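Down below is the structure, laid out as structure tokens.
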Amino acid sequence: MARAWIAGTGAYLPAKVLTNFDLEKMVDTSDEWITQRTGIRERHIAADDEAVSDLVIKASRPAMAMAGAVPQDIDAVIICTITPDNNFPSTACWVQKGLGLRAGIPAFDISAACSGFLYGLIVADSLIQTGGAKCVLLAGAEILSRITNWTDRNTCVLFGDGAGVTIVTPSPDPRRGLVASCWHADGNLGDLLVQPAGGSRLPASAETVAGRLHTIHMSGNEVFKHAVRAMAQAAETVLAEAQVSPADVKLFVPHQANIRILEATCQRTGIPLERTVLAIDRIGNVSAATIPIGLDMSNREGKISTGDAVLFDAFGGGFTWGAALMRW
Ligand code: ACO
């Protein structure tokens, strides 16, 4: 049975760049604090007239070109996001329309916060393995600036906007493709990282807007501790299943939330830091988009060759987490 493989990658980052120095003028913070505690120097911010589907459409064109795919070839659309254009229709349906994809193909969103792309990859792999699809447009995309409290220095320095797209097809050779994966969730910890209002529990009202309850609320320290433990465990589980040693990982593509989480994960697992995608300084935390954006950067820099072990690893709200190993 053919497994999922990535035939093309693409990314789009909005033109506007917000630096740490810009943030110094908005809240009581400093470039030094943000750089030392998070590794972030700047992040991209979507234009007022850009929605998440617009970002995905822009990132899709280079991904489809790399895969040699035309709109008629795409037979499923999966968009991983916590900042959809609307609650419904799904952002995937807007992308289907915007790219002129065939009417009638399945299109749906996945909500798994920063683990979204990883969840999407595992779902795409299932579709490929069962013959349900042969050419999946899989994206991680966010406009977190729309759900950020720009008066809260604890969170507003962390997030950014962007989109990363992959074209997922059956592997061209049985030795290539997704070799091992794991995905997990623990809803008991959901309150530690949450957008409290805007859903059926707390619909939008003048009070929820005034109380900034439509923005990200996070217990940073708690999230940090869980993230390091869970990301290291997930990576170790998948490496063991794939019988790949940490030293043999050619490219490690972890979710980019904090440089210290990445360093600690590498230290715990033995994966070399120099094989790790470190894009956080330029993009910040873009939730579901960081993995496909980081993957595209490395791919276009020529850092991945046929047969290389590429390890994905994520942790985010839910809590959700997991890892996946692909032979490129
Ligand atoms: N500038 C200056 N000082 C600040 C800032 C800031 N931007 N933010 C916090 N501080 C202060 C705090 O007020 C605190 O001051 P105090 O000691 O006087 O009370 C001090 O810095 C330390 O604060 P901590 O919260 O302990 O700082 P920490 O080192 O834990 O860093 C951070 C905070 C960056 C949020 C970190 O905890 C983190 O990265 N957590 C994980 C984030 C994450 O992984 N999110 C998951 C994905 S997000 C998603 O799913 C949408």
Determine ³J(HN,Hα), in whole Hz, for all residues of region 287-295 in sequence, where each value follows from phi through the Karplus function 6.51 cos²θ - 1.76 cosθ + 1.60 and θ = phi - 60°; x replaces Gly and Pro. 6, 4, 8, 5, 5, x, 5, x, 4
Using the Karplus curve 6.51 cos²θ - 1.76 cosθ + 1.60 with θ = phi - 60°, work out ³J(HN,Hα) for each residue of region 39-53 in order, rounded to whole Hz, and write x for Gly and Pro. x, 8, 10, 7, 9, 9, 10, 5, 6, 4, 8, 9, 10, 4, 4
Of all DSSP beta bridges in the chain, antiparallel share, percent nearest 5: 70 percent
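Plugging the Kirkwood radius over Cα pairs into Stokes-Einstein for region 248-328, at a temperature of 4 °C and a viscosity of 1.567 mPa s, what D comes out in µm²/s?
102 µm²/s
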Residue-by-residue Karplus 3J(HN,Hα) for region 212-219, coefficients 6.51, -1.76, 1.60, Hz, glycine and proline x: 6, 7, 9, 10, 6, 10, 9, 8
5 Å is the cut-off here: which amide hydrogens, built 1.01 Å from N in the peptide plane, fall below it relative to ASN149, excluding neighbours closer than 5 in sequence? ILE216
Just the number, please: percent antiparallel of the DSSP beta bridges in region 178-327, rounded to the nearest 5. 75 percent
In whole Å, what is the distance between the alpha-carbon centres of region 2-25 and region 99-158? 14 Å
Which lysines, if any, have their Cα less than 28 Å from the Cα of LYS134, not counting same-chain residues under 8 positions apart? LYS58, LYS97, LYS250, LYS303
Mean residue ellipticity (222 nm) of the chain, computed from DSSP H runs ≥ 4 via -39,500 (n - 2.57), nearest 500: -10000 deg cm²/dmol
Percent of Cα pairs exceeding the 25 Å cut-off, where the set is region 178-327: 32 percent
From the convex hull of the Cα coordinates of region 65-152, what is the mean projected area in square nanometres? 6.6 nm²
Going by Cα centres, region 219-260 and region 272-328 are how many Å apart? 11 Å
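Seen from all sides and averaged, what is the projected area of the convex hull of the Cα atoms in region 4-173, in nm²?
Averaged projected hull area, Cα only: 10.5 nm².
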Give the Kirkwood hydrodynamic radius (Å, one decimal) of the chain, defined as one over the mean of 1/r across all pairs of different Cα atoms. 19.6 Å
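Readers should treat all values here as calculations from the given coordinates under stated rules, not as data from a laboratory. This one's a predicted model, so the numbers in the text were calculated from it and none came from an experiment.
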